[in-house]
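Down below is the structure, laid out as structure tokens.
The values are calculated or read from the model by the stated rules, or taken from the named source; none is laboratory data. Being a predicted model, the structure only gives us computed values, none of them experimental. Please note: Cβ atoms are built from the backbone with ideal geometry, for glycine as well, and neighbour counts cover all protein chains shown. What goes into the accessible areas is simple: the full protein's heavy atoms, side chains included, and nothing from ligands, DNA or RNA. Shrake-Rupley method; radii C 1.70, N 1.55, O 1.52, S 1.80 Å.
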Amino acid sequence: MAAKGEERARRTRVTVDFGRVAEDQFEPAKSVRVATIRGGKIIDQTEVTPADYDDPRSFEVDLQLGEEVDGVSGATVVVAPADDERNLFADRVAKTHVAGVDDVVDGGTILVQPGIYKWWRWCWFPTTYRVTGRVVRHEGDCTHGVGGAIVELSDVDYCWWWYDEDVITTGATDADGYFDIEFTWCRPLFCLWPINPPILVDPYLRDYFLERIRKWPIPLPDPPGPWELERSLIESGIQFPQTRTRRGEALASARLRTAPAHTATEFKPRARSARAIGTRLEAQATTHHIADLLHDLIIWPGCDDPCDWYPDIRIRVTQSQPGGNVEIYRDSFFDIHWNVTGDILDLELEADEDTIVGDDCAGEPLLGNCMLFERVGGYGMPAIYQPDAVGTATCGSISYGTTPTKPGPGGVGVVGNGALLGYTVSQDRPWCLTPSVYGEFGLAASVDYYQVQRAKWTPGDIAAFEADCAYRPPEARWQTLTAASGLRAFSRSYATLETIFGFNYYAWHGEGFSPHTFAGVPNVYKSRQRFEQEWVAANGGVPAPDFAGGWRWNTSTMTRLFDVDTSGWQDGLYSFRLVGYTQGSSGGSPTLTPVDQGLNAGPGVDGVLRRCGGSDAPVVPDMVTLYVDNQRVPDCEIVSFTKNGTIPIGECEMIILDTNDWLDIVYRAQDTHGNLGGYAVHLRRGSGPNRNIRGGLLGPHVTISGSSPEGPSYTAALGQGATRPDWNGGTWTARVPAAAFAAMGGSCAYNLALDAHNRHTNGWSAGGGWGAVDCDDDVAFTVILSADKATFCTQLGCCD
């Protein structure tokens, strides 16, 4: 027995027996589907063809039983025609019940009775379809074919935002991402009997639709069921177009199935009226046509019949990745191929950002005895202000990022040379958390291992750089990074060539790279090139990477060099460079020798890697410079909230506003380090949308004054006198008159909210994307306009 709390991966082995079916009726080439089912859900299933077995009339099938309950694993084993997964839930199937505590539970024999099998022999009104296309991922100018992905074709049936989805068949993409799938569509077995299909909710369609119908004068539950929705529309006199009906009363007693968590939620149906949604509805009072209310909404086509003649095909694509199976594409409601009557050819399916793609579009490798930093996170090196490769005494003619122009000594530029050093060009963002740095080694450099060094700039260094932009931090300032000082492990993904369903595809694997001690040299990473050499030696000399004959790297991680956690560092400017080593051997033991690139950096600093390209390449080390600031949370506060500038307003207070009254909101948004990114002040009436007090509906009514003209964003602040890259924010007062509340809809409960964010980035997320670290403050209150006093004040207790 397993220990308490330990999961048991139990299985069952059953014998499928066709021995009682007459010889002239038995069709061994006709596939069947065998599955284990518990609670209306499929635990495991397989499609088998009796003709593939030595004895087509009696053969064993092995299936999972699922998690144990009270120490016992059990399920119903079902055999049904393979042409439609929904057949497993039909009445005329062969089944048995299995339960036990052994690792492999003997399921006995499932006898397929002749009276049942005769219903399996034919495919009613068969139509053969072919679906072809390619799964791709675009990155810049490159189109990556996604090899080895599983393409799943499902039949869907929609009724408003409720739907069913059942897999028809699956196929695999080849190494270039192409797929070619054929299937035969039949009216399925379950259509011969009353059906109890599962019901799923498409949350996107539900929210899309409810957002609009909540504006109608219609009493609708939230969210309404299909029959509540129908009843409410009938009562409102809405007239539907003539469409076919769906499923009759069977839908009311539907079995429920849990949909994928990211695409749907479960809904429990209630009893419905006898009239179907497709029936023309007579108005009780004023008759409206549905188009008069929907306007720009989808004109829903009526509810599908699950036993209709033609499939409604939704395509879903998954990819096996190191962390498990990941969905990388799924047709939305608007992409579904409705009532398919012929082949669907030459599709191009764009996989999402979770897709792992290979390096078949990677550029030519660097060939020299050099290296080159490429980017930090998603920011390419041209997007980060860097020291120039060469400098002059004045520096005035040398470009520095994109803006601003460097003034040099006595120059007329906006800022000095060092003011933006290490910030991103976009929004002048400082760095925090754990940036990932990317780059390439030249093949001639033979870099097998490398160390990461950093140098922190002092005010004296920055002053020297202001005078001469060829200045670099002195050698004494450079230190080798360690795990204790922030160096972190990371993972690269690579794929090996495999075969499935007759297709070649790539199976993805993860490989960790971490700083460690090798051959007596501490804090070194193994280079990607060294890993490739070792992989080739261990795998029969297959080229690495080689698209046609071996394996490939994931382009998003193949050039990753190191991750560095800056959260424990002092704020300031840091430069990074690499020291390279070539592996050799001595007396049978590995050795590391510093790479010689002729930089002559000084005693004990051999191996510093120089920059590839340009006439300055032989003498200039390659560096990446970042400005680190780990104060990510700005300071924001609603300082005071008053009526007419004198009467304080507390949380949940009721305020009566005459025509000439106003509210004063004093708020503060600031960052003492100068990295404020933006702030927003919103008013919301009831459950309505947020209204920015600076514009839109409220803009014509609201006036703002404050300690400075800066805001509400970094870009706006620069246009109003802030000095880049420093914007500290300030304190402002917004005056909101009674007319503004009238414009929003009048008397009601309101919420006042302030939020602010800094500009920081880790190379991927930035600005307002930090979630919990953003600053916010809010006040809830109620406004009664003078025109509504007679209506509301007596019942609310707010009389004078």
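Restricting attention to segment 126-164, which residues are outside any loop (DSSP other than H, G, I, E, B), farther than 30 Å from Pro81 by Cβ and among the charged types (D, E, K, R)?
Scanning segment 126-164 gives Arg134, Arg137, Glu139.
Just to be sure, is Thr434 within 17 Å of Leu561 (Cβ to Cβ), part of a loop (DSSP other than H, G, I, E, B) and without any contact (Cβ under 8 Å) to a residue 60 or more places away in the chain?
So Thr434 fails the test.
(1) open to solvent by 20 Å² or more (accessible area, probe 1.4 Å); (2) modelled with pLDDT of 90 or more: which one isn't true of Arg632, the others all being true?
Arg632 satisfies all of (1) open to solvent by 20 Å² or more (accessible area, probe 1.4 Å); (2) modelled with pLDDT of 90 or more except (2).
So that you can scan it fast, the table gives a plain yes or no per residue for (1) touching a residue at least 12 places away in the same chain (Cβ under 8 Å); (2) more than 14 Å from Leu573 (Cβ to Cβ); (3) open to solvent by less than 50 Å² (accessible area, probe 1.4 Å):
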site	(1), (2), (3)
Tyr449	yes, yes, yes
Arg454	yes, no, yes
Asp468	yes, yes, no
Pro473	yes, no, yes
Leu481	yes, yes, yes
Thr496	yes, yes, yes
Thr499	no, yes, no
Phe513	yes, yes, yes
Phe518	yes, yes, yes
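Restricted to segment 487-518, and to residues that are at pLDDT 95 or above and in a loop (DSSP other than H, G, I, E, B), which residue is farthest from Val146 (Cα to Cα)?
The residue in question is Pro515.
Determine which single condition Gln64 fails, assuming it passes every other condition in (1) touching a helix residue (DSSP H, G or I) at 6+ places or on another chain (Cβ under 6 Å); (2) open to solvent by 60 Å² or more (accessible area, probe 1.4 Å); (3) of a type outside the set (Phe, Trp, Tyr); (4) more than 24 Å from Glu182 (Cβ to Cβ).
(1)
Being within 19 Å of Thr731 (Cβ to Cβ) and open to solvent by 70 Å² or more (accessible area, probe 1.4 Å) is the filter; apply it to segment 681-704 and report the residue that is modelled with the lowest pLDDT.
The selected residue is Arg694.
With respect to the numbered conditions (1) part of a loop (DSSP other than H, G, I, E, B); (2) within 21 Å of Ser747 (Cα to Cα); (3) at pLDDT 90 or above, which one is the sole condition not fulfilled by Thr672?
Among (1) part of a loop (DSSP other than H, G, I, E, B); (2) within 21 Å of Ser747 (Cα to Cα); (3) at pLDDT 90 or above, the lone unmet condition for Thr672 is (2).
Could you list, in sequence order, the residues of segment 456-466 that are outside any helix (DSSP H, G or I) and open to solvent by less than 60 Å² (accessible area, probe 1.4 Å)?
Correct list: Trp457, Thr458.
I'd like the full set of residues that are hydrophobic (A, V, I, L, M, F, W, C), open to solvent by 10 Å² or more (accessible area, probe 1.4 Å) and either in contact (Cβ under 8 Å) with a residue 40 or more places away in the chain or out of contact with any Asp or Glu (no Cβ under 6 Å at 6 or more places or on another chain) (or both), limited to segment 706-737.
Hits for segment 706-737 are Ala716, Leu718.
Any idea which of (1) farther than 23 Å from Arg57 by Cβ; (2) modelled with pLDDT under 85; (3) of a type in the set (Phe, Trp, Tyr) is the one Trp119 doesn't satisfy?
So Trp119 meets the others, but not (1).
For segment 314-334, which residues satisfy the criterion of being open to solvent by 50 Å² or more (accessible area, probe 1.4 Å) and either modelled with pLDDT of 90 or more or within 23 Å of Arg492 (Cα to Cα) (or both)?
Of everything in segment 314-334, those that are open to solvent by 50 Å² or more (accessible area, probe 1.4 Å) and either modelled with pLDDT of 90 or more or within 23 Å of Arg492 (Cα to Cα) (or both) turn out to be Arg316, Ser320, Pro322, Gly323, Asn325.
Across segment 644-668, what is the total count of residues that are open to solvent by 40 Å² or more (accessible area, probe 1.4 Å) and of a type in the set (D, E, K, R)?
Total satisfying the criteria: 4.
Please tell me if Ala544 is under 18 Å from Ala175 (Cα atoms), at pLDDT below 90 and surrounded by 14 or more Cβ atoms within 10 Å (Cβ to Cβ).
yes
When segment 748-800 is examined, which residues are found to be closer than 30 Å to Tyr627 by Cβ, of a type in the set (Phe, Trp, Tyr) and modelled with pLDDT of 80 or more?
Once the filter is applied, which keeps residues that are closer than 30 Å to Tyr627 by Cβ, of a type in the set (Phe, Trp, Tyr) and modelled with pLDDT of 80 or more, segment 748-800 yields only Trp764.
Residues Pro382, Pro435, Pro404, Pro459: which one is over 29 Å from Ala716 (Cα atoms) and either modelled with pLDDT under 50 or out of contact with any helix residue (DSSP H, G or I) (no Cβ under 8 Å at 6 or more places or on another chain) (or both)?
Pro459
Within segment 690-739, which residues are farther than 17 Å from Gln670 by Cα, touching a helix residue (DSSP H, G or I) at 6+ places or on another chain (Cβ under 9 Å) and part of a loop (DSSP other than H, G, I, E, B)?
Ile693, Leu697, Leu698, Pro700, His701, Val702
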